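Novice: Handing you this structure, nothing more for now.
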Amino acid sequence: MRIAVVPGSFDPVTLGHLDVIGRAAKLFDRLHVLVTHNPAKSALLDVDQRVRLVRDALAEAGIEGVEVDSWSEGLLVDYCRRVDAEAIVKGLRSATDAAYETPMALVNRDLAGVETLFLVAQPATSHVSSSLVRQVAALGGDVSPYVPRVVAAALQPEGPARG
Ligand code: PNS
């Protein structure tokens, strides 16, 4: 049984994340999407809302058999050990992403022997980031080209309540 984790802040989940999750789900027997709290980033949505939107986005995209969890109790590799995951999967959009991700991948391998696999982002989503989506949403712009429909609906000022 090959098990992997796709971790991230997912604040909010984007079409780029969804693409990576869908591709990773085909490579592993079991996949966990892990929503983490990143204290270095100021959050738009709370962790429970992010988890709910990831679940709804997976359902909307017809991606099945993926566990969605949250984690704030320690290292990412502690979660990997808990669920018997041998790999972390991340998307790579650019050389900047590679420079940011490489030290984390090496530390996670040092800490627990967990490998990190990088899936190259599709050109259609390689400019999409949660931080840009947060900024566009905060200033009243249309985020629908970048996020699943359920997320766009949740971020619209006149949309359904986020709570
Ligand atoms: O979507 P993000 O914010 O770029 O995701 C970053 C994330 C969640 C992968 C990173 O913050 C992380 O791994 N957090 C867990 C804490 C940890 O294990 N740190 C030490 C190893 S780098």
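The values are calculated or read from the model by the stated rules, or taken from the named source; none is laboratory data. On a predicted model such as this, the values are computed, not experimentally measured, just so you know. Here Cβ is always computed from backbone atoms with ideal geometry, including for glycine, and neighbour counts include all displayed protein chains. The accessibility values were calculated without ligands, DNA or RNA, using every heavy atom of the protein model including side chains. Shrake-Rupley method; radii C 1.70, N 1.55, O 1.52, S 1.80 Å.
Novice: If the Cβ limit is 6 Å and pairs must be 6+ apart or interchain, which residue in segment 9-32 that is over 15 Å from ARG55 (Cα atoms) pairs with which residue that is basic (Lys, Arg) and away from the ligand (no atom under 11 Å from the Cβ)?
Specialist: Final answer for the pair search is PHE28/ARG2; ASP29/ARG2.
Novice: Any residue at all in segment 141-157 that is within 13 Å of the ligand (Cβ to nearest atom) and open to solvent by less than 40 Å² (accessible area, probe 1.4 Å)?
Specialist: no
Novice: To continue, here is another question. Between a residue in segment 84-103 that is in contact (Cβ under 8 Å) with a residue 24 or more places away in the chain and any residue that is of a type in the set (Phe, Trp, Tyr), which pairs come within a Cβ distance under 7 Å, given they are 6 or more apart or on different chains?
Specialist: LYS90/PHE118; LEU92/PHE118
Novice: I've got another one for you. Does any residue in segment 58-72 that is away from the ligand (no atom under 16 Å from the Cβ) come within less than 8 Å, Cβ to Cβ, of a residue that is at pLDDT below 95 six or more places away or on a different chain, and which pairs are these?
Specialist: Taking only residues 6 or more apart or on different chains, the pairs are LEU58/GLU64.
Novice: Filter segment 81-130 down to residues that are more than 17 Å from PHE10 (Cβ to Cβ) and among the hydrophobic types (A, V, I, L, M, F, W, C), then give me how many there are.
Specialist: The initial filter retains those residues of segment 81-130 that are more than 17 Å from PHE10 (Cβ to Cβ), namely 81-87, 94-96, 98-99, 102-103, 105-118, 120, 122-124, 126-127.
With the extra rule that they be among the hydrophobic types (A, V, I, L, M, F, W, C), the set shrinks to 83, 85, 87, 95, 98-99, 105-107, 111-112, 114, 117-118, 120, 124.
Result for segment 81-130: 16.
Novice: May I pose another question? Here are the criteria: (1) more than 23 Å from ALA40 (Cβ to Cβ); (2) in contact (Cβ under 8 Å) with a residue 40 or more places away in the chain. Tell me which single one LEU155 does not satisfy.
Specialist: (1)
Novice: Considering only segment 81-108, how many residues are closer than 19 Å to LYS26 by Cα and within 9 Å of the ligand (Cβ to nearest atom)?
Specialist: Residues that pass the stated criteria total 2.
Novice: Select from segment 109-123 the residues that are open to solvent by 60 Å² or more (accessible area, probe 1.4 Å) and free of Cβ contacts under 8 Å to residues at least 60 places away in the same chain and write down the one among them that is nearest to the ligand (Cβ to nearest atom).
Specialist: Of all residues in segment 109-123, those open to solvent by 60 Å² or more (accessible area, probe 1.4 Å) come to 109-111, 115, 117-118, 120, 122-123.
Checking the rest, the ones that are also free of Cβ contacts under 8 Å to residues at least 60 places away in the same chain come to 109-111, 115, 118, 120, 123.
Working: ARG109: 10, ASP110: 9, LEU111: 7, GLU115: 14, PHE118: 12, VAL120: 17, PRO123: 20 Å.
For segment 109-123, the residue satisfying everything is LEU111.
Novice: If MET1 satisfies every condition in (1) within 15 Å of the ligand (Cβ to nearest atom); (2) more than 8 Å from the chain's Cα centre (by Cα); (3) open to solvent by 10 Å² or more (accessible area, probe 1.4 Å) but one, which is the exception?
Specialist: All conditions are met except number (1).
Per-residue answers, yes or no, for (1) more than 17 Å from LEU119 (Cα to Cα); (2) out of contact with any helix residue (DSSP H, G or I) (no Cβ under 7 Å at 6 or more places or on another chain); (3) of a type in the set (Phe, Trp, Tyr):
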{"site": "HIS17", "(1), (2), (3)": "no, yes, no"}
{"site": "HIS32", "(1), (2), (3)": "no, yes, no"}
{"site": "HIS37", "(1), (2), (3)": "yes, no, no"}
{"site": "ARG55", "(1), (2), (3)": "yes, yes, no"}
{"site": "GLU60", "(1), (2), (3)": "yes, no, no"}
{"site": "VAL66", "(1), (2), (3)": "yes, no, no"}
{"site": "ASP69", "(1), (2), (3)": "yes, yes, no"}
{"site": "GLY74", "(1), (2), (3)": "yes, yes, no"}
{"site": "TYR79", "(1), (2), (3)": "yes, yes, yes"}
